[in-house]
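The values are calculated or read from the model by the stated rules, or taken from the named source; none is laboratory data. Small disclaimer: the values here were computed from a predicted structure and weren't measured. Glycine also receives a Cβ, built like all others from the backbone with ideal geometry; neighbour counts cover every protein chain displayed.
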Amino acid sequence: MTARRVENLALFVDVRRRSAVDAAKTVARIAAAARVRLQVKPEQAYAFDFGGAAAPPDFPNGADLVVSLGGDGTLLRAAHCAVPYGIPIVGVDFGRMGFLTAVSRRDYESVLETLLRTGVETESRTALEATVNGGRRFLAINDVHIDREQHGHTVTFGIIIGGEHVANIPADGIVISSPTGSTAYFLSAGGPILAPGLDAFGIAPICPHTLFSRPLVVPADQCIRIAIPPEGGGAQLYADGKHEMLLPPGSAVEIAKAPHSAEFVHLDDRHFFQVLERKLHWGTSIKRSLRGEDGSVGRQTR
């Protein structure tokens, strides 16, 4: 694996968090010491009072690395900017869960200094692209979620995979996930956890009105088509948790592998199953996860 040299660094910051803004100023000093050019997203530039950082309108074009300072949601928004340009991304955790953000707030200075000195190695993650009625397209790193428009009423979603009609499922919604997103909403909907390197999609109905509906895992080269019935209420489309548009009755959404993968910085000490155990208590009994080392029951700390 060849390391990519970093000469231009892009910052994407959750400006609502004072700690993330303060960290951005520290990152700027680290970049200046390493003689690395710095750019920030134009809409976030107002939060910074340091010089030497450009706010180009085509952010982050030209960058060799995007650093996200915030939570998992901040990293996803940053990834939406980075993926079309093929720029790798790394997240520093200033949020609550920190499942996707690979660097802790305690270690980010030393980690970034090392990356700027030695370069970055990356790992590719399959991303999704949703196309509505053959027109508008939406990128998703985690998942595409199609939800009923009218609460209190189920929608019978038609599911077609690779041109083959699979099922009509009455449900509150359908979530189609990448492996990266399989530990997010897809997991809450009853879907399985997918290892990050898989080239596959997961499909899970949300609150299906049937006893026999189960999640599916399909190859990423298969096009998934979700049909909204022409009668009854419509639906809504979400990409990575962001509401994108209303889907009138009779609409169809095609979900396929995005033309560009998401490139995440590979760190040697980042082990997927260790993160599962630490963040989601995978493989740990409920009693053990709720008890401290001294056997007392109390609130967990991260």
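The table for this structure:
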item	result
Residue in the stretch 198-209 that is free of Cβ contacts under 8 Å to residues at least 24 places away in the same chain and not basic (K, R) present	no
Odd one out for G134, checked against (1) of a type outside the set (K, R); (2) at positive phi; (3) under 15 Å from the mean Cα position of the chain (by Cα); (4) not assigned by TED's automatic domain parsing to the domain that holds R18	(3)
Within the stretch 1-77, strands (runs of 3 or more DSSP E) holding 3 or more residues that are touching a residue at least 24 places away in the same chain (Cβ under 8 Å) and either hydrophobic (A, V, I, L, M, F, W, C) or loosely packed, with under 14 Cβ neighbours inside 10 Å (or both)	8-13, 65-70
A239 vs. criteria at pLDDT 95 or above, within 30 Å of Y108 (Cβ to Cβ), touching a helix residue (DSSP H, G or I) at 6+ places or on another chain (Cβ under 8 Å) and hydrophobic (A, V, I, L, M, F, W, C)	no
Filter result (of a type in the set (S, T, N, Q), surrounded by fewer than 21 Cβ atoms within 10 Å (Cβ to Cβ) and part of a strand (DSSP E or B)) within the stretch 137-178	T156, N168
Failed condition for G190, given (1) surrounded by fewer than 23 Cβ atoms within 10 Å (Cβ to Cβ); (2) over 22 Å from the mean Cα position of the chain (by Cα)	(2)
Set H209, H165, H153, H145: member being touching a helix residue (DSSP H, G or I) at 6+ places or on another chain (Cβ under 8 Å), of a type outside the set (V, I, T) and farther than 23 Å from A10 by Cβ	H145
Which numbered condition H80 fails, given (1) touching a helix residue (DSSP H, G or I) at 6+ places or on another chain (Cβ under 6 Å); (2) under 26 Å from Y238 (Cβ atoms); (3) outside any strand (DSSP E or B)	(1)
Extreme residue, farthest from V90 (Cα to Cα), among residues of the stretch 226-268 that are surrounded by fewer than 16 Cβ atoms within 10 Å (Cβ to Cβ) and among the charged types (D, E, K, R)	E231
Residue that is over 23 Å from T210 (Cα atoms) and among the β-branched types (V, I, T), where the choices are T154, T131	T131
Candidate set: the stretch 112-145, residues that are in contact with a Leu (Cβ under 7 Å, 6 or more places away or on another chain) and β-branched (V, I, T); chosen: the one nearest to V253 (Cα to Cα)	V132
Tally of residues being hydrophobic (A, V, I, L, M, F, W, C) and within 27 Å of A63 (Cα to Cα) across the stretch 214-255	1
